[in-house]
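The next block holds one structure in the form of structure tokens; read it before the comments.
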Amino acid sequence: MTDPLEIGSSGTPASPAAPEGAPPPVRTPLALSASRAADFRQCPLLYRLKAIDRIPEPKTRAQVLGTVVHSVLEDLYALEQSERAPERAAELVPTAVGLFYEGGGSEVVPLSGRAEFQSEVAALVSALYGIEDPRRFSPAACEQYLVTSTASGTPLHGYLDRVDVAPTGEVRVVDYKTGKPPRPRYQDQAMFQMRFYALMYQRTQGVVPAQLKLIYLRNGSWLTLTPDLATLTETESQLDSLWAEIERAGETGIFPPRTSRLCDWCNHQSLCPAFGGTPPEYPGWPGRRVIPLEVTNPAAGHAGPRSTS
């Protein structure tokens, strides 16, 4: 699913380059997601190429695996509570995989690898039952899309995989991961995303989540964090500072590359000066998306697979 904040007025995705003689595409103002925040912290040039230039990136097997697993889990929790047995969850997998291939999935996972791919999806879905029993509770929301801003006006948006609300009112925000869990020294970086989500929830609902839970289906592990208002205030300040950096870079057009070991997995080395490449001509800063503070959650969910960004 294309990022809802990166859609032109015609309802089609904005394109990085228009055909010769065609009018320029609509350039939608930007908002900050957890993924784009992580991109800028990793490498300002990477952020520019993804968020501003909109350079297409090939989908990877890992990305589509995550998308399909999320789709199955969303369908699972849409069932009546008593129907969410492991056998029923397994029955949802072939349908989700079939829809993936109907949408052109063979370009990422060849048909010759379909059986292996489906088995991997099934194993990851089944792993959830080693962590929690979906028959024991019903989420308040799945794949909830939130739009809000900080008190200083930094525009925020993103999807929450799942929101649980206890009978006594406590809120838990849950996120599923299909990759490997991070090493201990990188766990705080992984939880940054969850603090981002918790801040959005607090800004839209007026409630600080009692728990943030990051579930790693591949090995049946999880990380939890109990945030408080001070934690979210600090996160808000960090995002305001980050967005101020992004806006300064946007106005000047200066997005320097920042090299790290993650460069080995970057799709944009041919456009990076650190690797002898040249970025495309800077198209200019599209500006920020202005979100009125009273506008909170215009859509509680969505139809179809979501973006993994």
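The values are calculated or read from the model by the stated rules, or taken from the named source; none is laboratory data. Note that this is a predicted model, so its numbers are computed, not measured. Because the Cβ atoms are built from the backbone with ideal geometry, glycine has one as well, and the counts that use them run over all protein chains shown. Side chains are part of the model used for accessible areas, which takes the heavy atoms of the whole protein and leaves out ligands, DNA and RNA. Shrake-Rupley method; radii C 1.70, N 1.55, O 1.52, S 1.80 Å.
Quick check on this structure: which one of 120, 143 is touching a helix residue (DSSP H, G or I) at 6+ places or on another chain (Cβ under 8 Å) and at positive phi? Going through 120, 143 in turn, the sole match is 143.
Condition check: more than 22 Å from residue 160 (Cβ to Cβ), modelled with pLDDT of 95 or more and in contact with a Cys (Cβ under 6 Å, 6 or more places away or on another chain). Does residue 248 satisfy that? Criteria not met by residue 248. Would you check if residue 260 is exposed (fewer than 12 other Cβ atoms within 10 Å of the Cβ), on the phi < 0 side of the Ramachandran plot, touching a residue at least 40 places away in the same chain (Cβ under 8 Å) and not hydrophobic (A, V, I, L, M, F, W, C)? In short, yes.
Just a yes or no: is a residue in the range 131-139 surrounded by fewer than 19 Cβ atoms within 10 Å (Cβ to Cβ), part of a helix (DSSP H, G or I) and modelled with pLDDT of 95 or more? Checked against the condition, which is being surrounded by fewer than 19 Cβ atoms within 10 Å (Cβ to Cβ), part of a helix (DSSP H, G or I) and modelled with pLDDT of 95 or more, the range 131-139 yields at least one hit.
Among the residues of the range 199-247, the one identified as under 16 Å from residue 144 (Cβ atoms), in contact with a helix residue (DSSP H, G or I) (Cβ under 6 Å, 6 or more places away or on another chain), open to solvent by less than 40 Å² (accessible area, probe 1.4 Å) and in a helix (DSSP H, G or I) is 199. Filtering the range 58-86 to residues that are open to solvent by 50 Å² or more (accessible area, probe 1.4 Å), within 21 Å of residue 216 (Cβ to Cβ) and among the small types (Gly, Ala, Ser) leaves only 62.
Report, ordered by the first and then the second residue, all pairs with beta carbons closer than 7 Å, sequence separation of six or more or different chains, a first member in the range 270-291 that is more than 14 Å from residue 259 (Cβ to Cβ) and in contact (Cβ under 8 Å) with a residue 40 or more places away in the chain, and a second member that is open to solvent by 30 Å² or more (accessible area, probe 1.4 Å) and of a type in the set (D, E, K, R). From the range 270-291, the pairs are 285/251; 286/27; 288/247.
Looking across the range 179-198 at every residue that is out of contact with any strand residue (DSSP E or B) (no Cβ under 8 Å at 6 or more places or on another chain) and either within 27 Å of residue 155 (Cβ to Cβ) or at pLDDT 90 or above (or both), the one that is least open to solvent (accessible area, probe 1.4 Å) is identified as 192.
Here 123, 89 are screened, and the one residue that is of a type outside the set (Asp, Glu) and either outside any helix (DSSP H, G or I) or open to solvent by 10 Å² or more (accessible area, probe 1.4 Å) (or both) is 123. Within the range 141-161, not a single residue is without any contact (Cβ under 8 Å) to a residue 60 or more places away in the chain and either over 21 Å from the mean Cα position of the chain (by Cα) or open to solvent by 20 Å² or more (accessible area, probe 1.4 Å) (or both).
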